[in-house]
1. Determine ³J(HN,Hα), in whole Hz, for all residues of region 20-35 in sequence, where each value follows from phi through the Karplus function 6.51 cos²θ - 1.76 cosθ + 1.60 and θ = phi - 60°; x replaces Gly and Pro.
2. Taking the Cα centre of region 118-188 as origin, sum charge times position over the Cβ atoms of Lys and Arg (+1) and Asp and Glu (-1), and report the length of that vector in debye to the nearest 20.
3. For region 263-389, what is the charge dipole size about the Cα centre, in debye to the nearest 20, if Lys and Arg each add +1 at the Cβ and Asp and Glu each add -1 at the Cβ?
4. Give the relative contact order (percent, whole number) for region 271-379; include only Cα pairs under 8 Å separated by 6+ residues.
5. So for region 9-127, averaging the separation of alpha carbon pairs under 8 Å that are six or more residues apart and normalising by length, what relative contact order in percent results?
6. Roughly speaking, what is the centre-to-centre gap between region 48-88 and region 377-424 when only Cα atoms are used, to the nearest Å?
7. How many percent of the accessible area of region 270-390 is carbon or sulfur, using a 1.4 Å probe?
8. Rolling a 1.4 angstrom probe over the protein chains, ignoring ligands and nucleic acids, what is the accessible area of I85 in square angstrom, nearest 10?
Amino acid sequence: MTSQAPAATAKPARDRLGADFGKLWTAAAFSNLADGLGRTAVPLAATTLTRDPLMISVIGALAFVPWLVFGLPAGMIVDRFDRRIIMAVANAIRGAVAVWLATLAVTGTLSLWSLFVATLVFGLGETLFDNATNAVIPGVVRRDQLDRANGWMQAAQITIDSFIATPIAGVLFAISLALPLWAGSAAYLIPIVLAILLPISAARPLRGSSPRPEAAGADAGGSGDVAAGVVADPITDVPAAAPISTREALLYLWRHRYLRTMVVFTSVIGSALSFAQAVIILFFLDTMGVTVAAIGFVTAGIGIGALAGSLVAPRLVARFGRGRVMFGAILSGGATLVLTGLAPEAWTAVGAFALSAGSVSVWNVPWGSLRQQIVPGEIFGRVLGVIRTLTWGLFPVATLLGGWVGRIDLRLPFWIGGGLIVVVAFVAIPLLIGGTRRAGAETPG
């Protein structure tokens, strides 16, 4: 009887995501705290310099420009160098920029152009950090844990960004323009340390050898996933493999019909979302009459829906499958954007937009997991860079168009963007449901 006791406790331990994932999650959480502080403070600072919707939308547009010009190089860097170092350097750069902006604010020399430049540099750091973080996840959890791991990562982003960072940023901004920037620069320090403490399996994909037996997947098929908390063989002991070029990653994506079509689909959906949200700050400040100090609490209310979506997504995927969940998420996301534009006052607008944010969160979890499942680990960073270059690279244009339309009416971008998403969702039913199943990206059962 005593020999059976360890077996009774072994399974729950096996199901844990592990200490290494905990380090990655904590690093992402503090990085999201800093991002959220800056993401709220920068556009609010811009509103003190201009109330033109088009000029304010430039801030949002510039945040995506790096994905257009640096997405592919970032993917190449993530695949070729130590991903832990990349995460640390990316946050060091963003922390230095936050200090620079805070100094300008204190000295009274802050300008729109300095905000534009800082937004670009923040975006460059984001391409590196996000690519590296996404690429690290399969190295610290098993394949069957990907949906849960991605759900927790997104929950960290939403919880810290919406419930902690933005309310704090709004209050600090009401006291002093520089305070949220100083706080953001300090928050970037912890992820730098935690990134360095990640295991060697997070550094880069292992090629040319198999993981240790105890690190292999438990299934008879031998998936070769590195188990959480297990350190794989040092990279220096792995025979060198032929380098894989960005061109090969591009060809892989082009020849994979399902992924190629999904990139086109997500480009349209993402652009419509960017178009609708281009004037979100001015929409709540001017149309809904929300005060500057309260804007962060409005965002926190929206974050309730986003957090709920990220937490419930893995269960929805397990019950209904990835394809059906992605279709439902996109359809409801577009419909609730339209309702946001129709809202008569602030609280109903917050509620409708919270539902839209929750739908987007539900979409992000299976979309991220199926990419990690399909794309080979040794080219994942570059393929992800290609995908984000083609999708996120279109967001600046969509955001500027949304700001331009917002000059007519701040509600109009929500109506147009949400309506387009609803139409595209119905057109894409064969892709999302049948295509996902045929591509082998559907969940078992």
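1. Going residue by residue, I get 5, 5, x, 5, 4, 4, 5, 4, 5, 5, 5, 5, 5, 4, 5, 4 Hz, with x marking Gly and Pro.
2. 140 debye
3. Dipole size: approximately 560 debye.
4. 34 percent
5. Values: 58 pairs, mean separation 42.2, N = 119.
Result for region 9-127 is 35 percent.
6. Computed from Cα coordinates, the inter-centre distance equals 14 Å.
7. 68 percent
8. Near enough 80 Å² of accessible area.
The values are calculated or read from the model by the stated rules, or taken from the named source; none is laboratory data. A quick note: this is a predicted structure, and the numbers were derived from the prediction, not measured. With ideal geometry, Cβ positions are generated from the backbone for all residues, glycine too; neighbour counts draw on all protein chains shown. Please note that ligands, DNA and RNA were not included when accessible areas were found on the heavy atoms of the full protein model with its side chains. Shrake-Rupley method; radii C 1.70, N 1.55, O 1.52, S 1.80 Å.
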